[in-house]
Ligand code: GLU
């Protein structure tokens, strides 16, 4: 059974790039009838924070993702926090050391920097010189006895490392270019390559979907797993997301956290439909449910070219998701400010009236104020339109309202007959006086919500001082 994972580091809020990795991993697992693991990579004790661990779980759930193993659900391969897996890592360090595949390195940061600078000056890509790889057991014992701090390094053979990436195709790296790399730091903390690879294997991960920025880590991880005799997952490195300026997506060129999108009022299904198409192609361009997105997910449909972030597309999916949303969802989404203004018994009619004109909750709030707010505040254009129509027009409108009530068509026809105004000259002043706006939802839907008394007060105000 395929098993994949999402392995975030809780050092910040989930951004679009990471959220897409999580989404693709979840869609893949679901499409294959497999399992999704959530693993928290919190080995960086300084930067990892519990609040981010909590937030990322909330944000994933908001997006509609669920994991089969991990925080909150447990599972056989736990713990799912790397900070709780030290003893597991210790056993594997030992195994590598005993096999002579890893060795302690006593080089100081200053020595390493000097060596790197010398290599760079000679036009070479810097890598570890291999100095401590050649220490005899006696030399190691002597340094240990002096209490010198040591890292643990992996001994990399010069051979080529090949693997077939499920997105990027065949990849070949030369061991000689990689150089012996660190598995454990002097403070005892595990390096990313190491615990990430060991955990994938021990958690039974068959497929790793992650950003292309991790591609160059993969040969190191394959070497570690081979040395430990552990299974190697298949890798699918997802093409980068770039911003509108073509550079990697960051805060600077438009990326936002899921949290920000949520508080701006994006619907989760809009975000999911947008992200699902960033670097993955779907048949058709209709909004799809999570289940349908999973059913149509196929690694073969992942593209190699960078995916460009496009705020207009995201907005397009927002409109699709809003059009598909039912009353309950929209009403909840409109939020407390709208709930405070719109009487509950008029909520259905209000939502039906304004939904074509609303992209975010603050738009709904604006319409709630336009319908139910008192006194009504007219915007500048609306005030001009009212003034241009003149008081006699609104005196006729008051009479028409008294005669025809909330049937907007009959009411407007009566104003037309009485004043001779038609087209824009008829409808604009009426809309302006009744809603304070020059455009918006259908008046035939708004007038019954505004109600007789309020409508009369609004027209009256224009009849006396237009
Ligand atoms: N913790 C790593 C990250 O957030 C995980 C990389 C991976 O998926 O292997 O970048």
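For the range 31-56, filtered to residues that are within 13 Å of the ligand (Cβ to nearest atom) and out of contact with any helix residue (DSSP H, G or I) (no Cβ under 7 Å at 6 or more places or on another chain), the residue that is modelled with the lowest pLDDT is 44. Please state which one of 214, 207 is free of Cβ contacts under 8 Å to residues at least 24 places away in the same chain and within 13 Å of the ligand (Cβ to nearest atom). Going through 214, 207 in turn, just one is free of Cβ contacts under 8 Å to residues at least 24 places away in the same chain and within 13 Å of the ligand (Cβ to nearest atom): 214.
For beta carbons closer than 6 Å, sequence separation of 6+ or different chains, a first residue in the range 19-30 that is farther than 13 Å from residue 278 by Cβ and modelled with pLDDT of 95 or more and a second that is assigned to a helix (DSSP H, G or I) and within 13 Å of the ligand (Cβ to nearest atom), there are no qualifying pairs.
Does residue 182 satisfy the criteria of being at negative phi and within 16 Å of the ligand (Cβ to nearest atom)? So that I can check it myself, show each step before the final result.
Working: at negative phi: yes; within 16 Å of the ligand (Cβ to nearest atom): no.
No; evaluated as a whole, the condition is false for this residue.
Taking into account only those residues within the range 1-11 that are touching a helix residue (DSSP H, G or I) at 6+ places or on another chain (Cβ under 7 Å) and without any contact (Cβ under 8 Å) to a residue 60 or more places away in the chain, which is nearest to residue 296 (Cα to Cα)? Only one residue tops the list, namely 8. Condition check for residue 423 on (1) surrounded by fewer than 21 Cβ atoms within 10 Å (Cβ to Cβ); (2) in contact with a helix residue (DSSP H, G or I) (Cβ under 9 Å, 6 or more places away or on another chain): one failure, at (2). Identify the single condition in (1) surrounded by 15 or more Cβ atoms within 10 Å (Cβ to Cβ); (2) within 47 Å of the chain's Cα centre (by Cα); (3) farther than 30 Å from residue 317 by Cβ that residue 462 does not satisfy, given that it satisfies every other one. With respect to (1) surrounded by 15 or more Cβ atoms within 10 Å (Cβ to Cβ); (2) within 47 Å of the chain's Cα centre (by Cα); (3) farther than 30 Å from residue 317 by Cβ, residue 462 is out only on (2).
Does residue 394 satisfy the condition of being more than 38 Å from the chain's Cα centre (by Cα) and either surrounded by fewer than 18 Cβ atoms within 10 Å (Cβ to Cβ) or touching a residue at least 12 places away in the same chain (Cβ under 8 Å) (or both)?
Numbers: more than 38 Å from the chain's Cα centre (by Cα): yes; either surrounded by fewer than 18 Cβ atoms within 10 Å (Cβ to Cβ) or touching a residue at least 12 places away in the same chain (Cβ under 8 Å) (or both): yes.
When the stated conditions are applied, residue 394 passes them.
The criterion of being farther than 20 Å from residue 286 by Cα and without any contact (Cβ under 8 Å) to a residue 60 or more places away in the chain holds for residue 327.
Okay, residues lined up against (1) surrounded by fewer than 22 Cβ atoms within 10 Å (Cβ to Cβ); (2) closer than 24 Å to residue 297 by Cβ:
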{"site": "171", "(1), (2)": "yes, yes"}
{"site": "174", "(1), (2)": "yes, no"}
{"site": "209", "(1), (2)": "no, yes"}
{"site": "230", "(1), (2)": "yes, no"}
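One residue stands out among those in the range 11-21 that are closer than 14 Å to residue 51 by Cβ and more than 9 Å from the ligand (Cβ to nearest atom): the one that is nearest to the chain's Cα centre (by Cα), which is 14. Taking the range 169-251 and the helices (runs of 4 or more DSSP H) fully enclosed by it, the elements with 2 or more residues that are within 25 Å of residue 83 (Cα to Cα) are at 192-202, 218-228.
Quick check: anything in the range 94-116 surrounded by fewer than 16 Cβ atoms within 10 Å (Cβ to Cβ) and under 30 Å from residue 2 (Cβ atoms)?
Restricting attention to the range 94-116, the residues satisfying the condition of being surrounded by fewer than 16 Cβ atoms within 10 Å (Cβ to Cβ) are 94-95, 97-100, 108-111, 113-114.
Next cut, under 30 Å from residue 2 (Cβ atoms) only: 95.
Among the residues of the range 94-116, at least one is surrounded by fewer than 16 Cβ atoms within 10 Å (Cβ to Cβ) and under 30 Å from residue 2 (Cβ atoms), which makes the answer yes.
Of the residues screened, residue 59 is one that is under 30 Å from residue 289 (Cα atoms) and buried (at least 18 other Cβ atoms within 10 Å of the Cβ). State whether one or more residues within the range 268-280 are in a loop (DSSP other than H, G, I, E, B), in contact with a strand residue (DSSP E or B) (Cβ under 6 Å, 6 or more places away or on another chain) and either at positive phi or free of Cβ contacts under 8 Å to residues at least 40 places away in the same chain (or both). Yes, the range 268-280 contains a residue that is in a loop (DSSP other than H, G, I, E, B), in contact with a strand residue (DSSP E or B) (Cβ under 6 Å, 6 or more places away or on another chain) and either at positive phi or free of Cβ contacts under 8 Å to residues at least 40 places away in the same chain (or both).
Looking at this structure, is residue 403 exposed (fewer than 15 other Cβ atoms within 10 Å of the Cβ) and part of a helix (DSSP H, G or I)? Answer is yes for this residue.
The values are calculated or read from the model by the stated rules, or taken from the named source; none is laboratory data. All values reported here derive from a predicted model rather than from experimental measurement. All Cβ positions, even for glycine, are placed from backbone atoms using ideal geometry, and neighbour counts span all protein chains on display.
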